[in-house]
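Student: This is the structure I have questions about; it appears just below.
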Amino acid sequence: MEHSLIILLFTVLLLLTTTPGTLSQPSPAVAPTPPGPTNVTKILEKAGQFTVFIRLLKSTGVANQLYGQLNNSDNGITIFAPSDSSFSGLKAGTLNSLTDEQQVELIQFHVIPSYVSSSNFQTISNPLRTQAGDSADGHFPLNVTTSGNTVNITTGVTNTTVSGNVYSDGQLAVYQVDKVLLPQQVFDPRPPAPAPAPSVSKSKKKKEDSDSSGDDTHTPADASFAPRNVGSLRDAVSFCVMSALLGWFYL
């Protein structure tokens, strides 16, 4: 019996040493999951409290524009995201009163086509150019200033501050703002400057002055010329007649 048990144990040991076991093999390495494409709306959804801004990003098509820019180019993007409470602070009917084009401009006005880190706000050049268009005065000016750790934003219509850093990865930066950034071009357009009054050209003015001067000098001269000539002739004739009479008298 003991002899049979020894033979059985020897056989088992032999099988373990000659047959590759699954427990002795190292498990294959798991490849790291590549990061997915950057999606602004999903980032905002994860952060919460940006429901209205997300809806406007999608309805205006700006969300698709940002998705393409972030995943198909090296251009960074900075977004000032108003919270739901920021939209609640707008006058009732403000968004509904805008045309489709103005809604696009409103959302694009919250996007800067470059990456701006929180430390860059102190040295940034104003006005910032947004995706809404030209930043010239009266169009889409956006100015950022800092006071200590506070970042202030002004649009010519809205004055607000950055209240939090939502997301930053070196290419995309999302900051929460306390108010909706209202562009001056849409909410307070300035009237065009009046056209300058037409000025009289120097040559035309000189000609008019010359004509009026001619009328003042020549007419009186011509009117007084005839009487002077007539008087001189009469005096000469009288002198001749008197001379002839005196000569005849002495003869």
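Student: Could you work out the relative contact order of the stretch 63-127, using alpha carbon pairs under 8 angstrom and six or more residues apart, expressed as a whole percent?
Tutor: That works out to 48 percent.
Student: Shifting gears a bit: Between residue 147 and residue 169, what FRET efficiency follows from the Cβ-Cβ distance if R0 is 30 Å, with the result rounded to 0.05? Show your work: numbers first, answer last.
Tutor: Details: r = 27 Å, r/R0 = 0.90.
Between residue 147 and residue 169 the formula returns 0.65.
Student: Consider just the alpha-carbon atoms of the stretch 38-101 and return their Rg together with their Dmax, both in angstrom.
Tutor: 12.9, 39
Student: Okay, next question. Label residue 42 and residue 67 with points 7 Å out from Cα along Cα→Cβ: what is the distance between them in nm?
Tutor: Here the modelled spin labels are 1.0 nm apart.
Student: In addition: If I model the stretch 103-172 as equal point scatterers sitting on the Cα atoms and use the Debye formula, what is log10 I(q)/I(0) at q = 0.12, 0.17, 0.18 Å⁻¹?
Tutor: The computed values of log10 I(q)/I(0) come out as -0.31, -0.64, -0.72.
Student: Could you look at the stretch 97-154 and say what percent of its accessible area is carbon and sulfur, using a 1.4 Å probe and all protein chains?
Tutor: 42
Student: State the three equivalent ellipsoid semi-axes of the stretch 72-142, derived from the C-alpha gyration tensor as the square roots of 5 times its eigenvalues, in descending order and whole Å.
Tutor: 24, 15, 13
Student: With a 10 Å radius around each residue's Cβ, average the other Cβ atoms per peptide and rank 162-170, 179-187, highest first.
Tutor: Details: 162-170: 14.7, 179-187: 20.7.
Peptide ranking by packing, descending: 179-187, 162-170.
Student: How far apart, in nm, are the 7 Å Cα→Cβ label points at residue 120 and residue 92?
Tutor: 4.2
The values are calculated or read from the model by the stated rules, or taken from the named source; none is laboratory data. Keep in mind that what you see is a predicted model, and the values were worked out from it rather than measured. All Cβ positions, glycine included, derive from the backbone under ideal geometry; neighbour counts span all protein chains shown. We work out accessible area using only protein heavy atoms, side chains counted, and drop any ligands, DNA or RNA first. Shrake-Rupley method; radii C 1.70, N 1.55, O 1.52, S 1.80 Å.
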